[in-house]
Amino acid sequence: MTGGDPMVMKAKHLRQYLEGLMAPELDHVQDIRIGTKSLTFWPYRFVTDPDAEDILELFRELVAAGKHVAFMAHFNHWKEMDTPICREAIRRIRATGAEIRTQAPLLKHINDDADQWARMWTTQVRLGMIPYYMFVERDTGARHYFEVPLVKAWEIYREAMKQVPGLARTARGPSMSADPGKVEIQGVTEIQGEKVFVLRFIQGRDSDWVQRPFFAKYDEAATWLNHLEPALGESEFFFEAEFAAMKDAKQALIMKAS
């Protein structure tokens with residue numbers, strides 16, 4: 001559940017969406033992910049709101065029914081976790097048996113600093129949460145104010161990882177949620193005398209793309225996947241032709257339906 005924020009719903013409405021997943025015929029649905037930033041802007045939702053206990057009871061019921069409830073919390077800075085009310089909300093959610101994983105975009109002017117990420121991830125582990133993703137700022141909205149070059153994103157990620165213990169090294173990234181899939185920047189290296197970005201798919205439109213490394217020309221100004229060019233003399237990235245065919249097939253279906 002994502003996009004807006006599902007935790008702005010009243011408990012009775014959220015229940016209408018989720019309790020049906022406990023029916024025997026849906027036993028094959030094992031994982032329930034809820035993407036939300038509510039722990040930062042509305043932690044009272046889980047502590048003092050009139051239906052706070054109803055929300056927590058729903059989580060308990062889902063866990064008791066054998067579901068893995070993953071509460072995907074968005075934190076952009078360690079300060080967002082530095083209030084007693086936020087920490088109490090975290091404690092209450094975890095007490096239901098739900099698991100809290102954390103993710104955030106890398107934002108210029110907000111958290112474009114390795115020390116801030118290291119402190120954020122370390123704090124999350126100490127509070128019982130699991131660092132999950134560092135995202136590259138999406139190519140939408142006020143991107144020109146917040147975006148960070150890909151090479152700097154990788155440097156921040158690497159420097160932050162060097163500072164944290166193993167339990168905090170679960171965060172993947174920097175990851176771009178691009179049209180072909182989630183593409184991770186694995187590093188910068190030199191191959192056959194050419195400086196390149198090393199990339200891989202964490203998720204792809206075709207599952208065969210996942211974990212397959214590919215290379216792009218090094219570009220200090222690039223901030224998104226479509227700014228990169230294939231390296232090592234290749235005319236296109238390995239997935240481009242197949243992805244274009246997927247889009248053409250989808251468009252043909254839309255035209256046929258209309």
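General observations
- Calculated mean residue ellipticity at 222 nm for the chain: -10000 deg cm²/dmol, from DSSP H runs with n ≥ 4 weighted as -39500 (n - 2.57), summed, divided by the residue count and rounded to 500.
- Summing Cβ point charges (Lys, Arg +1; Asp, Glu -1) relative to the Cα centre of the chain gives a dipole of roughly 660 debye.
- Our coupling estimate for region 197-207, obtained by passing each phi through the Karplus curve with A = 6.51, B = -1.76, C = 1.60 and θ = phi - 60°, is 7, 9, 10, 7, 8, 7, 9, x, 4, 10, 4 Hz, Gly and Pro reported as x.
- Distance in nm between pseudo-label sites at Asp219 and Asp54 (7 Å out along the Cβ direction from Cα): 5.0
- Between the Cα long axis of helix 150-163 and the first principal axis of the chain there is an angle of about 50°, rounded to the nearest 10.
- Charge dipole of region 114-217 (Cα centre as origin; +1 on each Lys and Arg Cβ, -1 on each Asp and Glu Cβ, all else neutral): 280 debye, rounded to the nearest 20.
- Residues of the chain: accessible area per residue with a 1.4 Å probe, Å²: 52
- Spatial offset of region 26-89 relative to region 174-231 amounts to 33 Å, using the alpha carbon center of each.
- Carbon and sulfur %, accessible surface of the chain computed with the full protein complex present, 1.4 Å: 51
- Length gained on full extension, His109 to Ser207, computed as 0.36 nm times the residue gap minus the Cα-Cα distance: 31.7 nm.
- Between Asp27 and Asp5, the contour length at 0.36 nm per residue exceeds the Cα-Cα span by 5.4 nm.
- Rounded to the nearest Hz, the phi-derived 3J(HN,Hα) couplings of region 99-112 under the Karplus curve 6.51 cos²θ - 1.76 cosθ + 1.60 (θ = phi - 60°) are 9, 9, 10, 10, 8, 6, x, 7, 10, 4, 6, 10, 9, 7, where x marks glycine and proline.
- For Arg101, neighbours were defined as the other residues whose beta-carbon sits under 13 Å from its Cβ, and their charges (Lys and Arg +1, Asp and Glu -1) total +1.
- Label reach from Lys152 (point 7 Å along Cα→C-beta): in region 192-214, amide nitrogens under 19 Å belong to 197.
The values are calculated or read from the model by the stated rules, or taken from the named source; none is laboratory data. Here the structure is a predicted model, which is why all the values come from computation and not from measurement. Note: ideal-geometry Cβ built from the backbone for every residue, glycine included; neighbour counts use all protein chains shown. Remember, those area values only see protein heavy atoms, side chains included, never the ligands or the DNA or RNA. Shrake-Rupley method; radii C 1.70, N 1.55, O 1.52, S 1.80 Å.
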